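Handing you this structure, nothing more for now.
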Amino acid sequence: MSRPVSVFLLTSAMLGGGLSLFWHRTNKQGGESQIHVNEPFVDASSSARIEEPRKNRLQVLTSGVSGEALTRALEIADTIAREHTAFSDAEASHLLDFVSGSKPSGLTRSDWQHLVNSLFNALRTRPAAPARERLSLVFANMAEKDADPVMRLYALQHISFWLPHEQHPARKQQLADLLLRMSQAGDQAGCATMVMSDLQRAGSLPQNQETNTMIDQAALRLASDPDAVTTARVSAIHTLADRGQTESLPELRSIAMARHEHIVLRKAAIFAIGRLGNLSDDRDRLKRLASEHRRLAQAAEPAIQSLVSRK
């Protein structure tokens, strides 16, 4: 799983949300990692049975019903992603239409989330021509417009994987512009900011002062915004810590000490202080926080050790 989304979803789980239950670990090659699947529909004694998934896989993948049909669909998609095989142009075009449409009535919301994520992994692995031409638009539309926040997060994760491989300059710039736009406001702002930071670190966004300033300012503005959702602010704080933004320390110290702030947000700020602060300025503050609440101590005590180790 990419670091941005994993942090965001872990935060969501700590806040009592269920997003982390729906996330499925992916690696940077686009496949599912640590997938363990059964193959009840493949009978090694029958060549016809062996060929069944290949001949009928589009029908299976788009059946839109739960139970055994969904299990078979997920297995096919995950196997394609894991083994780096490919869809035909016709299959890819049909599947892009399918994932861009409405949730089938025969699937629960979590089933649909899982299936779309697996299909995206498979479509990205060895993209057929329709996927190369349309994936950027499909991801962008889902990230910005889907009514389901989990689907928007899935789309952002897949943008982080796909943008480095987008060969069309205009489409690549459109994805970069989308991330910047989404980093300004909304529930996905923190995730978008983290994705930008990671893409820049990997060399997929410009590594210049203008881009540095743009990302740093987006993260600090979001972390400081009392009207932003807590999960987005936590993601922004992690971005600041990862980027070594010591200029954010006054704001981070203020958040850590603010009793009215969500405790998860305060813990994130404490963690960042441990990475960015210094022993002379922050040891006493962190000790007070550790004595205030046992949950704060879970972050403050390691933060003190981090500062000591860097002295």
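The values are calculated or read from the model by the stated rules, or taken from the named source; none is laboratory data. In this text, all values refer to a predicted model and were calculated from it rather than measured experimentally. Virtual Cβ from ideal backbone geometry, glycine too; neighbours counted across all protein chains shown. Heavy atoms of the whole protein, side chains included, go into the accessibility calculation; ligands, DNA and RNA do not. Shrake-Rupley method; radii C 1.70, N 1.55, O 1.52, S 1.80 Å.
For the full complex of protein chains and a 1.4 angstrom probe, list D148, D187 by accessible area with the highest value first.
D187, D148
Something else: How do the peptides 242-254, 259-271, 133-145 rank, highest first, by the average count of neighbouring beta carbon atoms within 10 Å per residue?
259-271, 133-145, 242-254
Convert each backbone phi in the range 69-82 into a coupling constant with the Karplus relation 6.51 cos²θ - 1.76 cosθ + 1.60 (shift: θ = phi - 60°), then list the ³J(HN,Hα) values in order as whole Hz, x for Gly and Pro.
4, 5, 4, 5, 4, 5, 5, 5, 5, 5, 5, 4, 5, 5
Right, something else. Any idea what the dipole of the range 244-310 comes to, in debye rounded to 20, about its Cα centre with Lys/Arg Cβ at +1 and Asp/Glu Cβ at -1?
With only Lys, Arg, Asp and Glu charged at Cβ, the dipole is about 240 debye.
In nanometres, what is the gap between the two model label sites at S105 and T85, each 7 Å from Cα along Cα-to-Cβ?
Taking the simple label geometry, S105 and T85 are separated by 3.3 nm.
Okay, next question. Work out how far the C-alpha atoms of the range 244-310 reach from end to end along every principal axis, then list the three figures in whole Å, largest first.
Reported extents, whole Å, longest axis first: 28, 21, 15.
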